[in-house]
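The values are calculated or read from the model by the stated rules, or taken from the named source; none is laboratory data. Quick caveat: nothing in here was measured; it's all calculated off a predicted structure. Cβ sites come from the backbone with ideal geometry, for glycine too, and all protein chains shown count toward neighbours.
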Amino acid sequence: LEGEIVRIADKIAYINHDLEDAVRAKLISENDIPRDIRSVLGETKSERITTIVKSIIYSTIDNNYQHIVMEEKIYKNMYRLRQWLFDNVYLAKPVVEELEKGKGILKALYEYYLKNYHLIPYYEKYLQLWGEYDPKQAAVDYVAGMTDRFALKTYEKIFIPKGWHIL
């Protein structure tokens, strides 16, 4: 049951966080969510989470705790909301354009650290511990471990010229 709880909690969280992020980015408004989905799941993030969690609790109890389950209509509408997010948020032109920019940044950082692997912070330590060093894997590992904010800051530091200052 623990694994089932984790899986469903992840789905609930990412759907609601992605909705919240899309509203904050002004890609959508709460009212853009289809009315029939809102009428079943709720109008707000809080209502949606409460509706889904209550459905899981009551349905799982009714199922004698055999599996983590929810009412069919809740499940169907949660799935429809997820599909709606794909159609209206994840695959929306502004999002796809930003993803392409992000890919370009990551590719540039990877290529930079592949050529300059000695600048990867743990380079010397890695050599001491293991005696060998794969620059490709090191560049992948280093860039993959970056947060979005750190990657942007690093990209800016490496590739964007600093402004001229008049003395």
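The figures follow:
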{"item": "Any hit, segment 83-94, residues being farther than 30 Å from Arg48 by Cα and of a type in the set (D, E, K, R)", "result": "no"}
{"item": "Subset of segment 73-124 that is in contact (Cβ under 8 Å) with a residue 12 or more places away in the chain and either of a type in the set (Val, Ile, Thr) or in contact with a Cys (Cβ under 8 Å, 6 or more places away or on another chain) (or both) - its residue that is nearest to Gln137 (Cα to Cα)", "result": "Ile120"}
{"item": "Failed criterion for Gln137 (all others in (1) in a helix (DSSP H, G or I); (2) exposed (fewer than 13 other Cβ atoms within 10 Å of the Cβ); (3) in the same structural domain as Ile12 (by TED's automatic domain parsing) hold)", "result": "(3)"}
{"item": "Some residue of segment 17-24 being within 24 Å of Met70 (Cα to Cα), out of contact with any Phe, Trp or Tyr (no Cβ under 9 Å at 6 or more places or on another chain) and charged (D, E, K, R)", "result": "yes"}
{"item": "Given (1) hydroxyl-bearing (Ser, Thr, Tyr); (2) touching a residue at least 60 places away in the same chain (Cβ under 8 Å); (3) under 17 Å from Glu20 (Cα atoms), index of the condition Tyr65 fails", "result": "(3)"}
{"item": "Subset of segment 82-107 [over 15 Å from the mean Cα position of the chain (by Cα), among the charged types (D, E, K, R) and surrounded by 13 or more Cβ atoms within 10 Å (Cβ to Cβ)]", "result": "none"}
{"item": "So Tyr110, is it in a helix (DSSP H, G or I) and either surrounded by 12 or more Cβ atoms within 10 Å (Cβ to Cβ) or within 16 Å of the chain's Cα centre (by Cα) (or both)", "result": "yes"}
